[in-house]
Structures are given as C-alpha cells and as structure tokens.
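Notes for the one structure printed next.
The values are calculated or read from the model by the stated rules, or taken from the named source; none is laboratory data. Small disclaimer: the values here were computed from a predicted structure and weren't measured. Counting neighbours? That spans all protein chains shown, and the Cβs are built from the backbone with ideal geometry, glycine included.
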Amino acid sequence: MKSYSDQLQIINNFHELGETVLAAQFLLEEYGLEHANFKGFELREIAKPNFILMTTEGVLGEPQIIRIPENTFAFPLELMLNLLAHEMVHVGQKTKENLVADKNEREWQAYYEMLFHKNYPLIPDVSPFHKKFFANKALEYYNRMEKDGALQQKYANEKMEITHLLLSMT
C-alpha cells in the first residue's frame, strides 16, 4: 500500500485530469474495497460541500454500479474513502448470497461500517464532525426498524457501541 501522501498526490493528479473514475478505482484497489458484485463506477452531477451523494444501483442479485459525483475528489480523501466503503457495503448486501432486503438494515450496516471499519479496516477515520453525523444517521435507521423487533434485537450490541461512541464525543 502506498503512503497516504503518495495516494493523495495520485488522486489529485487524477482529479486535475478529470479522471474521477480512475481515481476511485485506484482507491478500491489500494484499500481492499473490491467486490465480485461490483460492476463499475458511473458519474453523476457535481456535489456540493453540504451534500455529497453516492449511490449503489442495480437489480438485487445482479452486479451493481456506484454512481459518484464528477467532483468526488474535490473533498477530503478520508471522507470520500468512507463514502466509497459505505457504497461497497451496499454492493455486498445486494448479492444473491448475502441479500439484505430491508433498506433500514442495509443503511444501518453501511453507517456502522463507516464508524468502526470492521469489513474494511484500512479505511481511515473521518473528522469528529462527520463521525457524529454518521453515528446519528445509523441511529436514525435503527429507529426506523420495528421497535423491539427482530432487527433491533439483532443489532442491539452495535447500537450500544454507537451510543457509547456518541457519549465519548460530548
């Protein structure tokens, strides 16, 4: 794995050349984010600093594409890496073998990954601001699950981890 400063230089070079897809593909390889169910990247509209949208799209059980903003790499690299990891969690959730049908469960798992990096341990942490934002988003999806239902029970320990994380940040 290249040093973070080398990665940043490579990403900046790709960004200056308008090669957003190549930059994203480079990061998938560098950070071990590849998945057999991943079909490729497509570009979407330019993101704004307060709204960066990436989506995983495709028929459940079929290879997925990830749509990323044209200006993805105009933003902090550690944030973009976490957003890519979030989408790669979705790629894995949409395989025939590991299908996660419930949207709230899919989002819960993806936001949990952004906080604790269990599947993708090479992904760096985000700023405390973003960590708090992602923790609150995870809890939002947890609370959308049936109250005291099977999914909330399944993720009760992880919810406690997120609650402790938030408390440690105050």
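Okay, here's what the table says:
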| read-out | value |
| --- | --- |
| Conditions (1) within 27 Å of Ser5 (Cβ to Cβ); (2) surrounded by 19 or more Cβ atoms within 10 Å (Cβ to Cβ); (3) among the polar types (S, T, N, Q); number of the one not met by Gln25 | (2) |
| When residues of region 92-113 are limited to those that are of a type in the set (D, E, K, R) and either over 14 Å from Ala135 (Cα atoms) or assigned to a loop (DSSP other than H, G, I, E, B) (or both), the one nearest to the chain's Cα centre (by Cα) | Arg106 |
| Set Phe134, Phe129: member being hydrophobic (A, V, I, L, M, F, W, C), within 13 Å of the chain's Cα centre (by Cα), in a helix (DSSP H, G or I) and within 20 Å of Lys48 (Cα to Cα) | Phe134 |
| Identity of the residue in region 137-170, outside any helix (DSSP H, G or I) and of a type outside the set (Val, Ile, Thr), that ends up nearest to Glu105 (Cα to Cα) | Met145 |
| Candidates Pro121, Pro69, filtered to the one that is more than 10 Å from the chain's Cα centre (by Cα) and within 25 Å of Gly18 (Cβ to Cβ) | Pro69 |
| Residues of region 2-14 that turn out to be touching a residue at least 40 places away in the same chain (Cβ under 8 Å) and either under 24 Å from His90 (Cβ atoms) or among the charged types (D, E, K, R) (or both), as a count | 3 |
| Yes/no for Ala156 being of a type in the set (Gly, Ala, Ser) and either in contact (Cβ under 8 Å) with a residue 12 or more places away in the chain or on the phi > 0 side of the Ramachandran plot (or both) | no |
| Subset of region 71-120 (residues that are under 21 Å from Glu161 (Cβ atoms), hydroxyl-bearing (Ser, Thr, Tyr) and either in contact (Cβ under 8 Å) with a residue 40 or more places away in the chain or touching a strand residue (DSSP E or B) at 6+ places or on another chain (Cβ under 9 Å) (or both)) | Tyr112, Tyr120 |
| Among the residues listed as Lys159, Lys118, the single one being surrounded by 16 or more Cβ atoms within 10 Å (Cβ to Cβ), over 14 Å from Leu83 (Cα atoms) and basic (Lys, Arg) | Lys159 |
| Residue count, region 35-61 (criterion: part of a loop (DSSP other than H, G, I, E, B), surrounded by 12 or more Cβ atoms within 10 Å (Cβ to Cβ) and either at pLDDT 95 or above or hydroxyl-bearing (Ser, Thr, Tyr) (or both)) | 7 |
| In region 62-100, residue surrounded by the fewest Cβ atoms within 10 Å (Cβ to Cβ) [restricted to those that are closer than 19 Å to Asp125 by Cα and of a type in the set (D, E, K, R)] | Glu78 |
| Any chance Asn82 is touching a helix residue (DSSP H, G or I) at 6+ places or on another chain (Cβ under 9 Å) and either assigned to a helix (DSSP H, G or I) or not basic (Lys, Arg) (or both) | yes |
